[in-house]
1. Which trypsin sites (Lys or Arg not before Pro) in segment 83-127 pass both tests, a DSSP loop state and at most 14 other beta-carbon atoms within 10 Å?
2. List 38, 129 from most exposed to least, where exposure is judged by having the fewest other Cβ atoms within 10 Å.
3. Provide Rg over Rh for segment 56-130; use the alpha carbon set for both Rg and the Kirkwood Rh (inverse mean inverse pair distance).
4. Using the Cα gyration tensor of segment 105-146, with a ≥ b ≥ c the square roots of its eigenvalues, what is the shape: rounded (a/c below 1.5), prolate (a/b larger than b/c) or oblate (neither)?
5. Between residue 100 and residue 65, with labels modelled 7 Å along Cα→Cβ, what's the label distance in nm to one decimal, could you check?
6. Report ³J(HN,Hα) in whole Hz for each residue of segment 129-146, in order, from the Karplus equation J = 6.51 cos²θ - 1.76 cosθ + 1.60 where θ = phi - 60°; Gly and Pro get x.
Amino acid sequence: MNPHLNPNQTVLQVIKDESERYDALSDVKYQDITYHMDNLGKTINSKEEKRIDFLKASNEMNNLDWNYEWNYITFHNRKINECLQFKRLEKNKWYADVPINNGKNWDGYYWAAYANSKTIMDMLRLFFDESPWFGMLSWKMRRYKK
C-alpha cells in the first residue's frame, strides 16, 4: 500500500494512447460479430465479412450521415445468428430492423422500430454483450415484398 495515499482515495490510471485505452476497455469474451454498411464515403460489402467490436461499432454508428439517403449499418453475431440493422434518419432518430429467421431461405418477415440515439446505443451495447436486447424497442412485424 502506498503510504502517501489516504485509504479512502481512488487512484485513477492515466492512459497515454488510444491502443492502451482500447486494451483497457476491451471485452475478454470472444465475439464473432461482422458488419457491413453504406455511408457517404464508406461502403463495406456484406461479402467482406469484416469483424467489429463495440467500440468500433459505436464510432461507425456516430459517423452515419443522416443526410445520405442510403445510409445503413448491419451487425451480424455469427456465433448465435442474430442480425440487427440500423438506418439513421436524423441526428437523434433511428430506424432499426431485425430479420426473422434470416439466412438463405429468409421469407421476408422482419421486426421494425424507431428510436432515439441513446436507446439505440444502449441496445447496441446489449447486442454486443450478448445480453437480452430485443425488449429495448416496441417492434412491429412487417414483411418485405418485392
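All of the numbers you see were taken from the coordinates with simple rules; none came from a lab. Note that the structure is a prediction, hence the values are computed from the model and not measured. Glycine gets a Cβ as well: all are built from the backbone with ideal geometry, and neighbour counts include every protein chain shown.
1. Values: sites: 87, 88, 91, 93, 104, 118, 125; in loops: 91, 104.
Qualifying residues, ordered by number: 91, 104.
2. Working: 38 16, 129 13.
Exposure proxy ranking, most exposed first: 129, 38.
3. Values: Rg = 12.4 Å, Rh = 12.9 Å.
Checking Rg against Rh, the ratio lands at 0.96.
4. prolate
5. The two pseudo-label positions are separated by 3.6 nm.
6. Ordered by residue, 3J(HN,Hα) equals 7, 6, 9, x, 10, 4, x, 6, 10, 8, 8, 10, 7, 9, 9, 7, 10, 6 Hz.
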